[in-house]
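See structure below.
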Amino acid sequence: MSDAVITVSLLLVAGCATAAVVQRDPARQALVLSVLGAVLAVLFTVLQAPDAGLSQLAVGSALTPLLIMLCVRKVRRRGRTKDGAR
Amino acid sequence: MNGWILAATVGLGGGGAAALWGVTTGSPGRRVIAQNLTTSAVCPALLLLSQGYGRPAYVDLALLMALLGPVGTLVFARLLADDLADERPSAWGLTWAAAGLAAAVVIALCVAGGPGRAMVKLLVIGALLIGGNVIASRALAGGFREVRGG
């Protein structure tokens, strides 16, 4: 019976990971990825590994989306200036 | 399995599924709101899990989540500002419902734990969670226009 919470978090992780792969737009992928980071942290906690959960939370919820969004913005800007130069 | 873990399972399943559904479908505005909802759904679940497992150290996870979750939403509010400018996404009913859930969980844990240092920590987490949630929602709704651009 105590496996219910593990099952729920595993299902959520599987759903989030699949959804992150299926999205086409990188900005939307970053949004799903940030949800995936939070859900993965819960999965680690439920599996009694809160230390891994802490680092996953720090990296997954803020840092990875920030890096991806900064890259997306830089690429979009470069595309815009190239279009303007033409 | 005790009542705390059961409550955490229900909250995690409901909130997580709703956030996953919202973040994968619909307009960009809806997606960022769902991303913000993740913090409000997962953080109370982490608090309940810590009480259910009887390990006060697990509360640190909820503390970090309450701190970093709104920061992640603010990242999106800042860097997706151009996409969100015409939409001004806001769901104040959902925001206050999430704040109410956080307050209910914190109060229940305070009553269960009794007064002491742990209770102060719980209250700090609750204040951070509700305050961060409201600030992030206001930023998404375009409440801080003056810091936009760049």
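Laboratory data are not the source of any read-out in this text; all were calculated from the coordinates shown. Keep in mind that what you see is a predicted model, and the values were worked out from it rather than measured. All Cβ positions, even for glycine, are placed from backbone atoms using ideal geometry, and neighbour counts span all protein chains on display.
Per residue of the stretch A:38-46, what does 6.51 cos²θ - 1.76 cosθ + 1.60 with θ = phi - 60° give for ³J(HN,Hα)? Whole Hz please, x for Gly and Pro, Karplus curve as stated.
For the stretch A:38-46, the Karplus-derived couplings read 5, 5, 5, 4, 5, 4, 4, 4, 5 Hz, x marking Gly and Pro.
At 222 nm, what helix-only mean residue ellipticity would chain B give, in deg cm²/dmol to the nearest 500, using -39500 (n - 2.57) for each DSSP H run of four or more?
The helix-only estimate for chain B comes to -27500 deg cm²/dmol at 222 nm.
Using θ = phi - 60° and the Karplus curve 6.51 cos²θ - 1.76 cosθ + 1.60, what whole-Hz ³J(HN,Hα) does each residue of the stretch B:30-43 get, with Gly and Pro shown as x?
After applying 6.51 cos²θ - 1.76 cosθ + 1.60, I find 5, 5, 5, 4, 5, 5, 5, 5, 3, 4, 5, 8, 7, 5 Hz.
For the protein assembly as shown, count the residues as N, evaluate 2.2 N^0.38 Å, and divide the Cα radius of gyration by that value, please.
That ratio works out to 1.02.
Please find the FRET efficiency linking A:SER2 to B:SER27, where r is the Cβ-Cβ separation and R0 is fixed at 41 Å, and quote it to the nearest 0.05.
0.55
Quick one: Cα centre-to-centre distance for the stretch A:17-86 and the stretch B:25-99, in angstrom?
Answer, in whole Å: 14.
If we restrict to alpha carbons, what Rg and Dmax does chain B come to, in Å?
Answer for chain B, Rg first and Dmax second: 15.9, 51 Å.
May I ask for the angle, rounded to the nearest 10°, between helix B:117-140 and the longest principal axis of chain B, with both axes built from Cα atoms and the value confined to 0 to 90°?
Taking Cα atoms only, the helix is inclined about 20 degrees.
Mind listing the phi-derived Karplus ³J(HN,Hα) values for the stretch A:62-73, rounded to whole Hz, using 6.51, -1.76 and 1.60 with θ = phi - 60°, and x for any glycine or proline?
Karplus values, whole Hz, x for Gly and Pro: 10, 6, 4, x, 4, 4, 5, 5, 5, 4, 4, 5.
Which three extents, in whole angstrom, do the alpha-carbon atoms of the stretch A:4-85 cover along their principal axes, largest first?
Largest first, the stretch A:4-85 extends 57, 24, 10 Å along its Cα principal axes.
Using the beta-carbon distance between B:TRP96 and A:ARG78 and R0 = 41 Å, what value does 1/(1 + (r/R0)^6) give for FRET efficiency, to the nearest 0.05?
After rounding, the FRET efficiency stands at 0.50.
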